[in-house]
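What follows is a single structure, written as structure tokens, with notes after it.
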Amino acid sequence: MISLKAGLSWLIGLVLLAMLLINLTIQLMHAGPRVRAEAGSNLRLAREFVLTTIASIPSNANPAPALRQLYANLGRLRHVDITILERGEAPPAQWSQPERLLADNPPAWFVRLVDVPPPRVVIVPIRAHERDYGSVAIVSNPLDELEEIWSDMTWLASISLVVTLAIIVLVLLLVRYSLAPFEALQACLADLEARKSGIRIAPQGATEFRDISNALNSLAATLDRVRQENRDLVNELIEIQDSERKDIARDLHDEAGPCLFSIRAAAASLQEAVAQSPAEPERLRQISTIMDRAGEALQSLFRGLLGRLRPTGLSELGLEAALKNLFASWSLGHPEVDLRLSCPHDLSSLDETTALTAYRVVQESVTNVFRHANASWARVSAEFGCDMIGETGESETEDAPTLIIVVEDNGVGIAEEHRSGMGLLGMRERVQGLGGRMKVERGVAGGTRVIVSLPIRDEDEADRE
């Protein structure tokens, strides 16, 4: 691949060279007819002039001075050679040979290329007072016209060559100056590829380069923001993971530990009671009751831990049943908020990954309602349909079926210039990980509205993942 500067130089040079060749070819095509017409015209003019001069010689005068003046006048004509032959003298044979015209300027190859016609010899007898004074030989000589054509073409080629070189030099300088911002753009792209932060480039050069620089600066700012959000999200996830581990460790220590101690103590008491003879049924009944209560407490503890780690009944009963169980527990904990769930379609056909993402989206959205919205009611709908986010102008509407989740409330709503917290960032990461879209906006009548579109994947795609 050649560079842009070399390409432009070659292009301009070839165009100018082609124009030069076209001009030279046109002149060369017209050179032959031009030489023939000029030679014939001058030959006829010289003959007429000779005849007129001879006819004007007085009958009582000596023709010698008039003939000398005639020869002197005819010698000034172009494209013809004039000579006076003595009476009975024949013109030399070499006058009619084409080689007579060959010379160094123009070169012989150019004369042959133009196809110059052979010289023509016209003999005009000189008669006065009924006496024969010889004759005038007029020979056509197109070499003069051919020399002019050769000179014109040589000057045209020289001037065109100089102009071509000058234009190429100017183009190289202009291209070098115009493409100077490319180096800065290339360096900026290299820094972005190296994952450097705070990369900015000063707009310079032509308008196109300024637009590219502004777009590149916007891209760099977006990448910096995304990297920072990813770092904040990773740190938040690590903190949440550590907090969950601490909570699980505390629950296991505070609740599972005493239960296990009770079971071990009851087991030891059971061994002592069995070793006694006879055994006391009432004591055995008390020991079994203690062990049963400890086992039930452990089962309840493990059920709660599993529910926190994974939604209860999501894989067995489906998304709708899991959401209903979640809403039932929320209604007990937050009776001041009227929660309503709408699932007009059968959601049992969703794959596990999509169903879990939808569950987490609803869980986080409604949790934000409890924490920040100060709302009296919240509505959640989950149904199949087309992409609603595309209809609002964020992206093009797609005909592929999607799972549409809408969570809205009548709370205080979000600010015009709000910054997404870790919860919304986590939701967005989950949704985008499945190829979906998410939008958070103010409701028409106030409050907040969260719209999520998740693509419905076929079984083969879900199995591959």
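The values are calculated or read from the model by the stated rules, or taken from the named source; none is laboratory data. Values in this document were obtained by computation on a predicted structure and should not be read as measured data. Note: ideal-geometry Cβ built from the backbone for every residue, glycine included; neighbour counts use all protein chains shown.
Tabulated results
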| read-out | value |
| --- | --- |
| Residue satisfying condition, being in contact with a helix residue (DSSP H, G or I) (Cβ under 7 Å, 6 or more places away or on another chain) and modelled with pLDDT under 85, within set LEU425, LEU347, LEU356, LEU403 | LEU425 |
| Residues of the range 329-367 classified as under 18 Å from GLY447 (Cα atoms), in a helix (DSSP H, G or I) and free of Cβ contacts under 8 Å to residues at least 60 places away in the same chain, total | 4 |
| Listing of helices (runs of 4 or more DSSP H) fully contained in the range 219-324 that carry 1 or more residues being modelled with pLDDT of 80 or more | 257-275, 281-309 |
| Filtered residues of the range 311-328 (kept if touching a Gly at 6+ places or on another chain (Cβ under 7 Å) and either in contact (Cβ under 8 Å) with a residue 60 or more places away in the chain or buried (at least 19 other Cβ atoms within 10 Å of the Cβ) (or both)) | ALA322 |
| Whichever residue in the range 74-120 is among the aromatic types (Phe, Trp, Tyr) and surrounded by 11 or more Cβ atoms within 10 Å (Cβ to Cβ) and, among such residues, is modelled with the highest pLDDT | PHE110 |
| Pair list, Cβ < 6 Å and 6+ apart or interchain, from the range 179-195 residues that are more than 17 Å from ALA221 (Cβ to Cβ) to residues that are part of a helix (DSSP H, G or I) | PRO181/PHE209 |
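So that you can scan it fast, the table gives a plain yes or no per residue for (1) within 27 Å of THR402 (Cβ to Cβ); (2) surrounded by fewer than 17 Cβ atoms within 10 Å (Cβ to Cβ); (3) touching a His at 6+ places or on another chain (Cβ under 6 Å); (4) not assigned by TED's automatic domain parsing to the domain that holds GLY436:
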residue: THR289; (1), (2), (3), (4): no, yes, no, yes
residue: GLY333; (1), (2), (3), (4): no, yes, no, no
residue: LEU347; (1), (2), (3), (4): yes, no, no, no
residue: THR354; (1), (2), (3), (4): yes, no, no, no
residue: ALA358; (1), (2), (3), (4): yes, no, no, no
residue: THR367; (1), (2), (3), (4): yes, yes, no, no
residue: ASN374; (1), (2), (3), (4): no, yes, no, no
